[in-house]
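Following: one structure in structure tokens, then a few remarks.
Nothing in this text is a laboratory measurement; each read-out follows from the coordinates by a stated rule. Worth saying up front: this structure is predicted, and the values here are computed from it rather than measured. When we count neighbours, we look across all protein chains shown, and the Cβ atoms used for this are built from the backbone with ideal geometry, even at glycine.
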Amino acid sequence: MKNILLIGAGGVGRVVAFKLAQHPEIFANITFASRTKSKCDDIVKDIVAKGLRKKNEIATAQVDADNVPELVALIRACKPDLVLNVALPYQDLTIMDACLETGVHYLDTANYEHPDTAKFCYAPQWAYHERFANAGIMALLGSGFDPGMTNVYTAYAKKHYFDRMDTVDILDCNGGDHGYPFATNFNPEINIREVSAKGRYFENGDWIETEPLSVKKTFHFDGVGEKDMYLLYHEEMESLTKHFPEVKRMRFWMTFGQSYLTHLKVLENVGMTGIKPVMFEGREIVPLQFLKTLLPAGTENERQNEHRCLGGGRTERQTAAVLRVQHLRSRGMFRRDGRAGGELHDGRAGGLGSENGFERSVERQGRVQHGTVRPRPVHGGNRRLGLAVDGNLASENIVGTPT
């Protein structure tokens with residue numbers, strides 16, 4: 001039985017809390033903390049109402065995740081075996097500092113991003129490797145869906161199906177209709193920073209930069225249909241190109257509807273996606289943070305998402321593309337876990353990462369990422385934690401890569 005400290009009570013935090021609560025045989029004692037304690041209290045009430053845990057089985061606490069002394073005090077008070085960070089990516093480093101000071105394992109679902117620069121990069125977190133290793137503790141980074149499960153799929157394909165991988169294309173398809181004129185499928189601030197940044201892809205040892213959303217392809221997704229998808233830079237590419245150096249080209253694609261793109265362009269044109277403070281009625285505000293308060297906090301409705309990892313590789317038998325399909329239908333998941341869309345998938349993957357972190361943390365010390373650990377245990381846990389898998393990683397499912 002293990003103790004876990006969960007930090008962050010947004011959409012992903014809600015899903016993670018539900019997943020941890022559903023597995024008392026693994027997560028015996030849960031402490032749920034956020035800057036606003038009442039958010040944690042409300043989520044725990046929902047968990048208790050669904051009969052997943054008794055009220056006294058989940059403790060809640062207030063903590064400022066930007067404040068290392070506060071984090072250290074909380075960790076020492078609740079004595080967790082692992083700290084699961086689903087707070088804002090701006091707070092990764094302070095939480096890692098607190099874990100180092102207290103000697104506790106660390107896990108997150110997204111890499112560090114500086115609040116003043118819309119660009120994410122693993123380098124600041126990778127720089128912690130030696131300190132974590134010397135302390136005898138683990139930092140499992142990027143244990144969400146993408147990054148996280150996409151890393152697992154890539155490693156699984158390489159280990160079980162290919163002698164060599166030449167190309168990898170990761171396709172993230174958001175299907176369904178959320179019913180809003182404009183909404184994001186996870187934290188609006190982080191989502192808009194991500195998609196409005198310049199795109200990048202890896203080819204022949206170099207990173208090639210593109211203008212935001214300037215490269216478009218059309219692809220037919222089984223169960224969803226034909227969708228326009230756009231080339232983005234996504235964080236798992238940084239670690240995958242490092243750990244799979246034989247890959248000659250790696251790209252990440254995400255689908256967007258025309259309504260989303262039109263609204264985003266208008267908001268950009270009037271300055272509402274800006275991240276630099278402006279003066280308003282005698283006080284500084286950040287336009288994007290203000291916009292976030294006006295938008296739905298993650299689409300809480302039925303969604304159908306499909307994620308694919310397409311890898312062009314070579315074996316003795318074939319040269320082709322590998323297809324891994326994730327059909328994620330969210331109606332039943334919303335009833336069970338209280339969230340939908342990207343937050344649901346990221347949160348469930350975070351729960352699975354926590355379980356595997358507990359079971360294998362003694363095997364690895366220092367900075368660890370999916371793609372460098374054995375893929376089968378994580379891959380095999382998908383069904384059990386509700387990430388339904390359709391299709392097999394086999395030749396009959398090969399349909400080709402986007403060109």
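Points worth noting:
- For the range 86-154, the alpha-carbon coordinates run over 32, 28, 19 Å along the three principal axes, in decreasing order.
- Bins of 5 Å, starting at 0 and running to the largest distance - Cα pair percent for the range 46-99: 4, 18, 25, 20, 14, 12, 7, 0
- In the range 216-283, the GluC sites (Glu not before Pro) that fall in loop regions by DSSP, at most 16 other Cβ within 10 Å: E246, E281
- Cα gyration tensor shape for the range 72-188, rounded if a/c is under 1.5, else prolate or oblate: oblate
- Under the combined filter of DSSP loop state and at most 12 neighbouring Cβ atoms within 10 Å, the range 26-57 retains these trypsin sites (Lys or Arg not before Pro): K54.
- Proximal lysines relative to K55, as straight alpha-carbon distance under 28 Å, when same-chain residues fewer than 8 apart are discounted: K2, K19, K37, K39, K45, K79
- Rg(Cα) / (2.2 N^0.38 Å) computed for the range 185-275, rounded to two decimals: 1.19
- Scaling the Cα radius of gyration of the range 136-252 by the globular reference 2.2 N^0.38 Å produces a ratio of 1.16.
- For the range 70-146, trypsin sites (Lys or Arg not before Pro) meeting the loop criterion (DSSP other than H, G, I, E, B) and having at most 16 other Cβ atoms within 10 Å: K119.
- Structure note, pairs K158/K227; K159/K242; K216/K292: Cα-Cα distances above 25 angstrom occur for K158/K227; K216/K292.
- Principal axis dimensions, the range 1-139 - Cα atoms, whole angstrom, descending: 42, 32, 23
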